[in-house]
Amino acid sequence: MPDASQFSRIKGFAFPFAIDAATGGVRAQNDDDKLRANIAHIVLTNVGERIMRRSYGGGVRQLVQDPNDQVLWTLVQHQIGKSVGLLEPRVLLQQVNVSRGDDGASVLIDIRYIVRRTQAVRSLSIPVAFVGYGP
């Protein structure tokens, strides 16, 4: 019989989706890795992209034509805060920073959050390519 701690574990398909070469089955992720993947998935999914969950997603990729400037970064920061706060209740967002990537055509999204179950502080960096022009 499994112990009680296993019922609070997080487990699911890996993101991005992949086949496990060792087992031939779908690759899985657990706990912190799965939460990190869920947050990245929320950020990179367009609002309306999921047929059965039209409100799911961060909407960040819908802004790819916008200029890569402070206005875009503030908008992305707001979108991520709103979407992750609503769609991933197992984390508490602490900070979202958005800045221009080294190549000038992308943004770097740094997210700091607390895992509610363990109170562990975690962080995640997600680069997103944008084609908008710089300032």
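The values are calculated or read from the model by the stated rules, or taken from the named source; none is laboratory data. Owing to the predicted nature of the structure, the values given are computational and were not obtained by experimental measurement. Methodologically, a virtual Cβ is constructed for each residue, glycine included, from the backbone with ideal geometry; neighbour enumeration extends over all protein chains shown.
Which of the residues that make up the stretch 20-40 are loosely packed, with under 12 Cβ neighbours inside 10 Å and either closer than 14 Å to ALA120 by Cβ or of a type outside the set (Ser, Thr, Tyr) (or both)?
So in the stretch 20-40, the residues loosely packed, with under 12 Cβ neighbours inside 10 Å come out as 20-25.
Listed by number, the residues that qualify are ASP20, ALA21, ALA22, GLY24, GLY25.
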When both residues are 6+ apart or on different chains and their Cβ atoms are under 6 Å apart, which pairs have a first residue that lies in the stretch 1-22 and is farther than 19 Å from ALA40 by Cα and modelled with pLDDT of 80 or more, and a second that is among the basic types (Lys, Arg) and in a loop (DSSP other than H, G, I, E, B)? ASP20/ARG27
Let me confirm something: among LEU86, LEU35, LEU72, which residue is touching an Asp or Glu at 6+ places or on another chain (Cβ under 6 Å), part of a helix (DSSP H, G or I) and not aromatic (Phe, Trp, Tyr)? LEU72
Note on the stretch 11-32: residues outside any helix (DSSP H, G or I) and over 25 Å from ARG61 (Cβ atoms) are LYS11, ILE19, ASP20, ALA21, ALA22, THR23, GLY24, GLY25, ALA28, ASN30
Taking the stretch 55-68 and the residues there that are in a loop (DSSP other than H, G, I, E, B) and out of contact with any strand residue (DSSP E or B) (no Cβ under 8 Å at 6 or more places or on another chain), the one that is farthest from ILE42 (Cα to Cα) would be PRO67
Which of the residues that make up the stretch 57-86 are surrounded by fewer than 18 Cβ atoms within 10 Å (Cβ to Cβ), modelled with pLDDT of 90 or more and touching a helix residue (DSSP H, G or I) at 6+ places or on another chain (Cβ under 8 Å)? LEU75
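Of the residues ILE42, ILE111, only one is out of contact with any Phe, Trp or Tyr (no Cβ under 9 Å at 6 or more places or on another chain), closer than 18 Å to PHE15 by Cα and either of a type in the set (A, V, I, L, M, F, W, C) or part of a helix (DSSP H, G or I) (or both); which? Walk me through it before giving the result.
On the way: ILE42 fails: out of contact with any Phe, Trp or Tyr (no Cβ under 9 Å at 6 or more places or on another chain).
Answer to the check: ILE111.
Got at least one residue in the stretch 32-41 being touching a residue at least 60 places away in the same chain (Cβ under 8 Å) and acidic (Asp, Glu)?
First, pick out the residues of the stretch 32-41 that are touching a residue at least 60 places away in the same chain (Cβ under 8 Å): 32, 35-36, 39-40.
Still in the list and also acidic (Asp, Glu): 32.
Yes: the stretch 32-41 contains one or more residues that are touching a residue at least 60 places away in the same chain (Cβ under 8 Å) and acidic (Asp, Glu).
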